[in-house]
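All remarks here apply to the structure that follows.
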Amino acid sequence: MKPAAVLAAGLLMGGCAAAGGPPALIPPPSGYLPAEQIGGLAALSIPAMSSPNANDLATVHAVSPGTDRWWLATAHAELRAPEAAQHFDCLLSARLNQRPRPALARVMNRLLADAEALVQALAPLTPDPAPKRPVALIAGLEPCQRLTPESRAASAWPAGGAIVAAAYGELFAALAPDRADGARRMGREIAFSRAVCRVNWASDVEAGIGQGVGLFARASAQPEFQAELEAARAEVAAARAEGLIQPSCAAERRALRQWSAPAAIRPDAG
């Protein structure tokens, strides 16, 4: 399998390999962005680092296997809707998968398709030799989900999971403006779970977050996006009005107390 195909397959498969065998793949809907906009986003990307820095090395050792944050990272590996919507349940005090939310699933999966296309566009820009994943570079290090030999050997950059996680954070900020800061924060937590899972370095995740935010900004400017967003917003509002609480929220809070993603650096910080 070509490197770009491996990366794209990893995005679409998410964490389902950890659940005992890959499911049948359903072709995703097309994304929002035309090829020229995907190419423009790729051209703006910062090249991968040639080797991990001290923060990269510290992050992959920050969470021990079997802890609450480790299991949360395992759950975060699922990036396909409708399952991935559950990552925002606790933030919204809702159970988004209690019943079908087709408009929400459609928007999420179209963003996922755009993220896959961006990963494909970024793959030819990967340095040679490609930066190795933490699990491939450090002997004895294991990921929090099963990896095929091809995926384990794939480049650590670009961090496709971080791209779509950040795009989801922006999406839920738009769907629930009263929880916008928390939604973006949860997007970062899902993105940094890829470093907790030892499949991407923290620096690659940070780059992926920037790529995902840029991807959402362009996708949300497309003509059909706003109509689909309004339909998804109505579904999210209905879910919040149902008053159902996700029983795993206490475990999520405990996990995030154990280890949480670093706060975003403001552009004007300095």
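Among Ala191, Ala121, Ala202, the largest mean-square fluctuation in a Gaussian network model of the chain (Cα springs under 10 Å) belongs to Ala121. Among Trp70, Trp157, Trp201, the residue with the largest mean-square fluctuation in a Gaussian network model of the chain, with springs joining Cα atoms closer than 10 Å, is Trp70. Only helices enter the 222 nm calculation for the chain: every DSSP H run of n ≥ 4 contributes -39,500 (n - 2.57), and dividing by all residues gives -17000 deg cm²/dmol, rounded to 500. For the stretch 46-138, the square roots a ≥ b ≥ c of the C-alpha gyration tensor eigenvalues yield an a/c of 1.5 or more together with a/b not exceeding b/c, which makes the shape oblate.
As a test of reading the structure, rank Ser151, Ser64 by solvent-accessible area (1.4 Å probe, protein chains only), most first.
Numbers: Ser151 20, Ser64 65 Å².
So, going from the largest accessible area down, we get Ser64, Ser151.
Its Cα gyration tensor gives the stretch 26-180 an equivalent ellipsoid; the semi-axes, largest first and in whole Å, are 27, 22, 14. On the stretch 113-219, 56 percent of the accessible area sits on carbon and sulfur atoms, based on a 1.4 Å probe. Mind giving me the FRET efficiency for Gln222 and Arg99? R0 is 22 Å, r the Cβ-Cβ distance, nearest 0.05 is fine. E between Gln222 and Arg99, to the nearest 0.05, is 0.20.
All other residues whose Cβ lies under 12 angstrom from that of Ser64 are scored, Lys and Arg at +1 and Asp and Glu at -1, for a net of 0.
Computed over every Cα-Cα pair of the chain and binned at 5 Å starting from 0, the pair-distance distribution P(r) comes out as 1, 6, 14, 19, 20, 18, 13, 7, 2, 0, 0 percent. The local environment of Ala195, defined by Cβ-Cβ distances under 15 Å, has a net charge of +1 under the rule Lys, Arg +1 and Asp, Glu -1.
Of Ser51, Ser30, Ser220, the residue with the greatest mean-square motion in the GNM of the chain, using alpha carbon springs below 10 Å, is Ser51.
The residues of the chain expose, per residue, 45 Å² of accessible area to a 1.4 Å probe. If you take all other residues with their beta carbon under 15 Å from the beta carbon of Asp178, and give Lys and Arg +1 and Asp and Glu -1, the sum is +4.
The values are calculated or read from the model by the stated rules, or taken from the named source; none is laboratory data. Everything numeric in this text was worked out from a predicted model, so none of it was measured. Methodologically, a virtual Cβ is constructed for each residue, glycine included, from the backbone with ideal geometry; neighbour enumeration extends over all protein chains shown. These area figures cover heavy atoms from the full protein model, side chains too; ligands, DNA and RNA do not enter into them. Shrake-Rupley method; radii C 1.70, N 1.55, O 1.52, S 1.80 Å.
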